[in-house]
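Notes follow once the structure below has been shown.
The values are calculated or read from the model by the stated rules, or taken from the named source; none is laboratory data. Since this is a predicted model, take the numbers as computed values, not measurements. With ideal geometry, Cβ positions are generated from the backbone for all residues, glycine too; neighbour counts draw on all protein chains shown.
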Amino acid sequence: MNWLTDFVKPKLSSLVTRKDSPSDLWTNCNKCNLMLYKSEHENNLFVCSHCDNHMNMNVVKRLNNFFDNKTYELINIPFENNDPLKFKDLKKYSDRMKAAQKKTDQKDAAIVAKGKIGNIEAVVFILDFNFMGGSMGQFVGEAFKIACEKAVELKCPFISVASSGGARMQEGIVSLMQLPKTVAAVNMLDQHKIPYISVLTHPTTGGVSASFAMLGDIIIAEKGSMIGFAGKRVIEETIKEQLPEDFQTAEYLLDHGMIDMVVHRKELSQTIAKVLSFVKK
């Protein structure tokens, strides 16, 4: 009889169950690599307690953080993505969509909701980076348009929260057509005197940054967010020059007058509420 294998190992196995395993309880900061206790990390709004890195935040938790008393109503987007190009790379686009839907429990990369922020009615459009990198296809473009129309209907401020790699390549030119579509929707807000607050989170790039994300009446960025169109390496290879270390960060854009403010995630909902109180006067 082996005492270690017959007694000690089974005893330890009974104490450390699958739900108690380190992979379920802990996560790593993608900047400083510190191990973070998941429940504490969530309570800290997915901000690293060591280096203050703002990590990807679940869209439902972000909505709960935005709206008063975590109370809001989701707005249905009556649109089905029909895979216009029947696109296939290593996988069929339709299969990638099904995998993303299963992973996120969302229909597509955009969610629209209405509720009160600082006791002021607002419509919020938010992109989910966990759904195919928050990429903008025909569903996202339609969701943005419907969100703007709802804000006009309710005569309340409109807020977009971007987190995206840009246009969805699997939809080709159909995806690129969403850029002018969202710009037209922003123009509609302007024509009806609806305040538009654009919130940029990490990352906001490509076609999203080249369209609605940079058109807000007030543009707020989360601390440390990467914001730009093409990647830094691509630009350096094109212009044959080395760019500053902090190029395309929220702080760099603020210093160069491209955005209005950089806000820590813990202060974001209060900041938006304060801005809404001014624009509604």
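Taking the criterion of being surrounded by 14 or more Cβ atoms within 10 Å (Cβ to Cβ) and over 18 Å from the mean Cα position of the chain (by Cα), the only residue of the range 53-71 that qualifies is Asp68.
Here Ala184 fulfils each of the conditions (1) within 19 Å of the chain's Cα centre (by Cα); (2) more than 30 Å from Leu90 (Cα to Cα); (3) part of a helix (DSSP H, G or I) apart from (1).
Out of the range 175-226, which residues are touching a residue at least 60 places away in the same chain (Cβ under 8 Å) and among the aromatic types (Phe, Trp, Tyr)? Passing the criteria: only Phe212. When the range 40-52 is filtered for residues that are part of a helix (DSSP H, G or I), loosely packed, with under 14 Cβ neighbours inside 10 Å and not acidic (Asp, Glu), only Asn43 remains. Name the single residue, out of those in the range 160-174 being among the polar types (S, T, N, Q) and without any contact (Cβ under 8 Å) to a residue 60 or more places away in the chain, that is nearest to Ala143 (Cα to Cα). Among residues in the range 160-174 that are among the polar types (S, T, N, Q) and without any contact (Cβ under 8 Å) to a residue 60 or more places away in the chain, the one nearest to Ala143 (Cα to Cα) is Ser160.
Being farther than 29 Å from Glu73 by Cβ and either at pLDDT 95 or above or of a type outside the set (A, V, I, L, M) (or both) is true for just one of Gly224, Gly207. Which residue is that?
Working: Gly207 fails: farther than 29 Å from Glu73 by Cβ.
Sole residue among the options that is farther than 29 Å from Glu73 by Cβ and either at pLDDT 95 or above or of a type outside the set (A, V, I, L, M) (or both): Gly224.
Restricting the search to strands (runs of 3 or more DSSP E) fully inside the range 195-281 and requiring at least 3 residues that are buried (at least 22 other Cβ atoms within 10 Å of the Cβ) gives 196-204, 218-222. Residues that are under 17 Å from the mean Cα position of the chain (by Cα), on the phi < 0 side of the Ramachandran plot and acidic (Asp, Glu): does the range 214-231 have at least one? For the range 214-231, residues under 17 Å from the mean Cα position of the chain (by Cα), on the phi < 0 side of the Ramachandran plot and acidic (Asp, Glu): present. Checking each residue in the range 77-122 for being closer than 30 Å to Ala273 by Cα and over 19 Å from the mean Cα position of the chain (by Cα) picks out Pro78, Lys116, Gly118, Asn119, Ile120, Glu121. Scanning the range 149-189 for residues that are surrounded by fewer than 24 Cβ atoms within 10 Å (Cβ to Cβ) and basic (Lys, Arg) turns up Lys150, Lys155, Lys181.
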